[in-house]
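Quick notes on the structure that follows.
Bear in mind these aren't lab numbers, they're just calculated from the coordinates by the rules spelled out. Nothing here was measured: the structure is a model prediction, and the numbers come from that model. Cβ coordinates were reconstructed from backbone atoms using ideal geometry, including for glycine residues, and neighbour counts include every protein chain displayed.
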Amino acid sequence: MTVHHDPAAESIEGLLSDLRAYEEAQRLHPQDHIAPYQCALIHGRLGDHEQAIRSYRESVERNPGFAQAYYNLGLEHARLGQTVQAEQALRRATQLDGADPEAWGNLGAVLETAGRGEEALECYRTAEKLNPRDARLRLRKGALLLDLGRLEQARHEFEESVDIDSRDATAWNSLGLVLFRQGKLDEAKQHYLKALECDKDLAQAWNNLGNLYARGHDDRSAEEAYRQAAVLDRFDPDIWFNLGELYFRQDNPDTERYLARAVELNRQDMEAWDLLRQWYTRHPNYSNWKSTLRVLLTVRADDVSLHRELAHVHERLGELGEACATLGEVLRMDPEDEPSRIRLVLLLLRQNELRHAFEHLSQVRGGEATVLDTWYLLGQRLLYHGQQADAETCFMTVIAHRPHLADGWQVLGDLALAREQWEVAFERYGKALDVNRNNPAVWLTLARRFDRDGNPARVLACLANLGETLRYLPGGWAEVYPLHVRAGNGPAFLAQLEALLRAGLVSRQHWLALANLYDEAGDAERRQACLAELDESGAQVSQDPLVQARLAASRGDWDEALRLFREVEEREAARPGYWHDRGDAAYARGDMEEARQSYERLLRLSDDHLRAWFRLGNIHHRAGRLADARAALLQVLRLDQRHAKAWYNLGCIQEALGTAEALDSFRRAVGLDRRFAAAWNWIGILRQRAGDLPAARRAYLRCVAGNRDWVHGWYNLGCLLQVLGETDKSIACLERAEALGGVHGDDPAVADRAGARGTA
């Protein structure tokens, strides 16, 4: 093939001068194919590849047999990524001059870029026959064979290449890579080192040497090799990926930076994107995690696990609508994915989309705890919004799997009662006695309804569930007595009351109440007997040590009360009320150990005594048993989530334990009681520790607004204002604290606050 002279101008001015001359020649000689060819060469050197392509086309139009112009035209198209046009031009060049190995070699490179490996190999073989000593061609051919997985053939080509040029570092490196993939690590290492001996700045050899060290678990040497490679070639994404992968295994914080660099250099490296995704599952950066998942989904759109993960990320970012849409896509791909459907239901509940939540939950068939808890929660929300029919479906679903769930039966009873389905309500309430026994709102309401319907059996059954309240609510005796009378149980009811009174319930009001009922019944004799008992009640009281103990406690005589309680311990040990009263007496006296033992005995008999749990928590707290105190307060909150003092005490314990939940507990306390000064004081302290001074200021202001005499609140507010530079206000607050008695460091919150001020 004829090779025409490339202009050798030493400057842009020279090139432009030559270009003008060739353009003039092209105009003057319309048939001359050399002038446009020379113009194309200059355009190429100036980087104007589009104009170069036009000039080469002009040249071959004037001389269709000009092989060199077709060859250069193919190279220009290849530079612009126009593989189809590049192939056409290079094929034409080989047709015109089939003896040019460069044309065959570059045609093979274009075909290889287009993913047509076998055709590329044929071109390389043709070029090889024309120039057997072309070491670079051997390298190109070997690299393609390596990509095709033909390791032995690739090895042969690389060996031929180093035979031709023994100082070719790239050939030695490529040969080492083949041996590495064949598992011949020692030989591979020698070839990598040989490559670096030929060219110590060959980044690929350092990178491959790092891979070899990493395979042998020599992480230190691998890191050094990778870093050297990165210094030599900062734009090779594989080097950055290898460093990132090494650090990923070590859980090194630099992992994210190196993997981010790898995908910045090669946006199509899905392996690097996926490793970056895995890093975010360990160390969440939700915004970047979301971006990473979106890239992966462009090539793995049907990967349901990625969609689940993206939904989780949206949720953590507070993007609830996007999270729901993503979970909807998950369920489209996998309709049987019940955990994702449950997650979607909970998100819909957070957005108050109850109808959609109900529709999705209705498609879940399982009876696992998570599913049933979700049904229960949805039922509560529907009930709150007045959607009783759907709410009943929710609770019935729960009851079908948890037939002994008293709370569920209670709600179902309420729903039946609201519909005036008295028998249904009676049945359901009867299965919820653990939560509604002795509840007049339930059983007295039903008893009156059955009384109006003339159903004495049901009346008595309802009243039987109120039996224990008679001891504590004598004011209600007169209210239920007519129901007993109409049900034919009047005399038996009065006898029951008299037995209770003779057992020790002996206040004047109770005997008088019973006397009035006998009077209503027309039994004058029993009425007189009750009045006589009323006169003699003092003598009766003194006969029973337990009654005496309770009377002593009512007078504040704690020593006498405890002596008498201990005297009847053997007789009363199985009664929760005994341990409750004894614990209260010991607590009031300051005997915390006996109080603790009494409350623990009480709670072993019946664990639903909120007051006992609360005081037990205080006892443990005073004794420094913080974990036990925390456990007791959690029991209080199990029984009553709206117990503000329990939330406050729990927050104090959590703060002493150094846990992050303390702030949330104090917030729960003030959410229930907006004037809870002590809780606001602690919120201020914790926000100030966190450096959020505006929030701390607001909390201290709420503290002193809730209790104008809270000395520690004024003191802390004054110290904070001093830090904020509001000197006049600070002095006023500190003077207010001093006027209220001053702070002497005996309050742990203030002591802590003073330390914080000193640091500032």
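Peptide packing: for 163-171, 657-665, 187-195, the average count of neighbouring Cβ atoms within 10 Å per residue gives the ranking 187-195, 163-171, 657-665, highest mean first. Compared with the direct C-alpha span, the chain from ALA739 to ASP519 gains 72.9 nm at full extension, assuming 0.36 nm per residue.
Place a point 7 Å from the Cα of GLN380 along the Cα-to-Cβ direction; which residues of the range 417-458 have their backbone N under 12 Å from it? Under cut-off, by backbone N: nothing. Identify the residues of the range 160-174 with backbone N under 17 Å of a label point that sits 7 angstrom from the Cα of GLU152 along the Cα-to-Cβ direction, or state none. It comes to 160, nothing else. Multiplying the residue separation of ARG674 and ALA631 by 0.36 nm and subtracting their alpha-carbon distance yields 12.9 nm.
Hey, how much of the P(r) for the range 607-673 falls beyond 20 Å, as a percent of Cα pairs? Here the long-distance tail beyond 20 Å is 18 percent of all Cα pairs in the range 607-673.
For the chain, the longest principal axis of the alpha carbon atoms and the long axis of helix 67-79 meet at an angle near 10°.
Any idea how many Lys pairs in the chain come in under 25 angstrom at the alpha carbon, given 8 or more places apart or on separate chains? The number of close lysine pairs in the chain is 8. Taking other C-beta atoms within 10 Å as the exposure proxy, THR298, THR397 rank THR298, THR397 from fewest upward. Within the shell of other residues whose beta carbon sits under 9 angstrom from the beta carbon of PRO101, the net charge comes to -3, with Lys and Arg scored +1 and Asp and Glu -1. Of the residues ALA612, ALA230, ALA662, the one whose Cα sits farthest toward the positive end of the charge dipole of the chain, with +1 on the Cβ of Lys and Arg and -1 on the Cβ of Asp and Glu, is ALA612.
Note on ARG365/ALA21: beta-carbon distance plugged into 1/(1 + (r/R0)^6) with R0 of 56 Å gives a FRET efficiency of 0.05.
Between GLN597 and MET396, the simple label model (points 7 Å from Cα in the Cβ direction) yields a spacing of 5.5 nm. Between ASP218 and ARG136, what FRET efficiency comes out of the Förster formula 1/(1 + (r/R0)^6) with R0 = 41 Å and r the beta carbon distance, rounded to 0.05? For R0 = 41 Å, the calculated efficiency reads 0.80.
A viscosity of 1.002 mPa s and a temperature of 20 °C, combined with the Kirkwood radius over C-alpha pairs in the Stokes-Einstein formula, give the range 29-101 a diffusion coefficient of 180 µm²/s.
For ILE342, ILE731, the sequence from fewest to most other C-beta atoms within 10 Å is ILE731, ILE342.
For HIS29, the shell of other residues with beta-carbons less than 13 Å away shows a net charge of -2, using +1 for Lys and Arg and -1 for Asp and Glu. Helix 545-555 and the longest principal axis of the Cα set of the chain meet at an angle near 70°.
Here the chain is treated as a Stokes sphere of Kirkwood radius computed over C-alpha pairs; at 25 °C and 0.890 mPa s its diffusion coefficient rounds to 67 µm²/s. Compared with the dominant principal axis of the Cα atoms in the chain, helix 49-62 is inclined by about 40°. On the beta carbon distance between GLU271 and ASP233, with R0 = 25 Å, the FRET formula returns roughly 0.85. If one puts a single equal scatterer on every Cα of the range 265-416 and applies the Debye formula without solvent, what log₁₀ I(q)/I(0) results at q = 0.12, 0.16 Å⁻¹? The Debye formula, applied to the Cα set alone, gives -0.59, -0.86.
Positive contributions from Lys and Arg (+1) and negative ones from Asp and Glu (-1), summed over other residues with Cβ under 12 Å from the Cβ of LEU46, come out at -3. In terms of overall dimensions, the C-alpha atoms belonging to the range 284-354 reach 34, 26, 15 Å along their principal axes, ordered largest to smallest.
Full extension of the segment from ASN352 to ARG181, taken as 0.36 nm per residue of separation minus the current Cα-Cα distance, would add 55.8 nm.
As a proxy for reagent exposure, LEU90, LEU494 were ordered by neighbouring Cβ count within 10 angstrom, fewest first; the result is LEU494, LEU90. Given +1 at the Cβ of Lys and Arg, -1 at the Cβ of Asp and Glu and no other charges, the dipole of the chain around its Cα centre is 2200 debye to the nearest 20.
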